[in-house]
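The values are calculated or read from the model by the stated rules, or taken from the named source; none is laboratory data. Source: prediction; values computed, not measured. When we count neighbours, we look across all protein chains shown, and the Cβ atoms used for this are built from the backbone with ideal geometry, even at glycine. Each accessible area value is taken on the protein alone, full model and side chains, heavy atoms only, with ligands, DNA and RNA left out. Shrake-Rupley method; radii C 1.70, N 1.55, O 1.52, S 1.80 Å.
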Amino acid sequence: MASVKVAVRVRPLNRSCAPNILEFHRMPTEIALFLVATKIKKEGLWETGALKDKIPEGGSGDSGRERTKTFTYDFSFYSADTKSPDYVSQEMVFKTLGTDVVKSAFEGYNACVFAYGQTGSGKSYTMMGNSGDSGLIPRICEGLFSRISETTRWDEASFRTEVSYLEIYNERVRDLLRRKSSKTFNLRVREHPKEGPYVEDLSKHLVQNYGDVEELMDAGNINRTTAATGMNDVSSRSHAIFTIKFTQAKFDSEMPCETVSKIHLVDLAGSERADATGATGVRLKEGGNINKSLVTLGNVISALADLSQDAANPSAKKKQVFVPYRDSVLTWLLKDSLGGNSKTIMIATISPADVNYGETLSTLRYANRAKNIINKPTINEDANVKLIRELRAEIARLKTLLAQGNQIALLDSPTALSMEEKLQQNEARVQELTKEWTNKWNETQNILKTKMVIDRTFAMPPIG
């Protein structure tokens with residue numbers, strides 16, 4: 001069991017925004033107004049960071065008073081002023097959050113990172129970054145391959161890494177890495193009974209180094225739907241999910257080990273008000289669909305938070321809670337990441353401008369609910385490898401019993417075989433399964449190498 005980790009990040013003021021009325025302070029003992037606190041003290045992060053809200057002249061509220069609203073999160077990143085001693089860079093965000101994602105992947109866990117906030121609050125910058133100032137997605141990919149290089153240098157393991165990249169535009173799924181064809185747009189979402197939701201016919205691309213990932217990422221970003229609005233010159237008009245499927249195999253003390261991890265890196269489109277963005281026509285329709293899916297995401301977060309609170313209070317009266325995953329494509333695809341088999345991080349991005357007071361407060365409230373969600377991450381182990389491990393444990397148990405001369409333990413066995421025969425059968429089965437697993441992995445690696453040569457021969461041009 002693991003709760004969703006929540007971070008909040010404050011962007012700089014836009015040139016077009018009104019004066020900043022939100023002030024951040026280090027406060028060792030007191031808490032004022034909007035509080036953004038972190039449980040872990042690290043260099044450049046706040047142990048206690050406060051966001052102070054002054055009511056502007058003519059604003060609502062008692063004259064001369066300051067309203068106080070308190071929120072506590074796992075991490076808080078102040079990125080509004082590069083000259084501030086509290087300033088948190090892209091590198092520091094990665095070291096605080098991204099390194100844990102890489103570690104989880106190598107341990108065999110699924111992981112998810114998503115940025116949530118209003119349009120223009122810095123989600124795409126946090127997740128993708130700019131030229132020369134990479135965000136979490138490229139840094140996580142680079143960190144993953146950096147660790148792969150270190151591991152393979154000592155011939156400790158073999159790895160297989162695939163990536164896919166999709167966008168959800170107007171509630172339709174589009175493949176960002178496929179050549180233009182009828183299969184590029186409006187892909188269908190299905191649900192596997194064990195592996196959960198997936199996108200049918202979504203292309204998966206084998207990668208061997210960070211350069212391969214960067215090439216695909218750039219191609220996908222070119223194809224992504226963006227447009228200028230009144231609040232953002234390059235506003236994301238779709239939700240984008242970059243997925244890494246990471247498989248590692250090795251022998252540990254002559255025991256085969258294979259795990260598969262999925263990492264979902266999500267750049268959400270921003271919630272927006274039509275009057276603030278000046279949206280009309282197509283932009284207005286896009287904004288409506290964006291808001292619809294984000295409202296559903298908020299409903300899912302609230303429902304999961306209620307479920308978690310019920311589980312934490314077994315004596316309290318249980319209420320029936322329905323989690324509306326299927327009310328939007330976004331929440332359906334993120335079903336495992338929210339309340340399921342994943343280690344998940346939510347980054348709430350906010351603006352310090354007074355004109356964004358309402359959206360900032362709404363974002364902080366959503367984030368406050370999300371930290372109550374309890375996920376159930378488990379190590380994703382290959383079924384045959386798991387069987388080999390269980391058989392080896394049984395062999396060790398039988399050998400111990402034989403050494404003790406305890407033949408009585410055989411009575412609870414479903415067969416009438418002697419203990420020695422049972423032991424020999426298990427050892428033979430382990431040897432057979434281990435050989436099959438080794439041959440399968442080697443054959444897969446050879447097929448993938450051939451596939452990579454073919455893929456490079458027919459390199460994908462940008463979608464027109």
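Can you confirm whether the stretch 308-330 contains a residue that is over 21 Å from L97 (Cα atoms) and in contact with a Phe, Trp or Tyr (Cβ under 7 Å, 6 or more places away or on another chain)? So far as the stretch 308-330 goes, yes, one or more of its residues are over 21 Å from L97 (Cα atoms) and in contact with a Phe, Trp or Tyr (Cβ under 7 Å, 6 or more places away or on another chain).
Given the options I140, I148, name the one that is modelled with pLDDT of 95 or more and either in contact with a strand residue (DSSP E or B) (Cβ under 9 Å, 6 or more places away or on another chain) or part of a helix (DSSP H, G or I) (or both). The unique qualifying residue is I140. Would you check which residues across the stretch 334-364 are more than 21 Å from K103 (Cα to Cα), open to solvent by 20 Å² or more (accessible area, probe 1.4 Å) and in contact (Cβ under 8 Å) with a residue 40 or more places away in the chain and list them? Residues satisfying the conditions are K335, D354, V355, Y357, E359, S362. For F159, are the conditions met, namely being open to solvent by less than 40 Å² (accessible area, probe 1.4 Å), of a type outside the set (S, T, N, Q) and in a helix (DSSP H, G or I)? The answer is no for F159. Summed over the stretch 308-327, the residues that are closer than 17 Å to M346 by Cβ and not aromatic (F, W, Y) give a count of 2.
Within the stretch 322-329, the presence of a residue that is at pLDDT below 90 and open to solvent by less than 20 Å² (accessible area, probe 1.4 Å) is excluded.
Assessment of the stretch 378-401 against the conditions (hydrophobic (A, V, I, L, M, F, W, C), under 30 Å from F75 (Cα atoms) and either modelled with pLDDT of 70 or more or in the same structural domain as Y116 (by TED's automatic domain parsing) (or both)) yields at least one matching residue. The set of residues in the stretch 85-107 being open to solvent by less than 50 Å² (accessible area, probe 1.4 Å), hydroxyl-bearing (S, T, Y) and either free of Cβ contacts under 8 Å to residues at least 60 places away in the same chain or not assigned by TED's automatic domain parsing to the domain that holds F246 (or both) consists of S89 alone.
Listed here are the residues, each with its yes/no results for (1) buried (at least 23 other Cβ atoms within 10 Å of the Cβ); (2) modelled with pLDDT of 75 or more; (3) assigned to a helix (DSSP H, G or I).
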| position | (1), (2), (3) |
| --- | --- |
| D212 | no, yes, yes |
| E215 | no, yes, yes |
| D218 | no, yes, yes |
| T229 | no, no, no |
| N232 | no, no, no |
| T243 | no, yes, no |
| P256 | no, no, no |
| I263 | yes, yes, no |
| A269 | yes, yes, no |
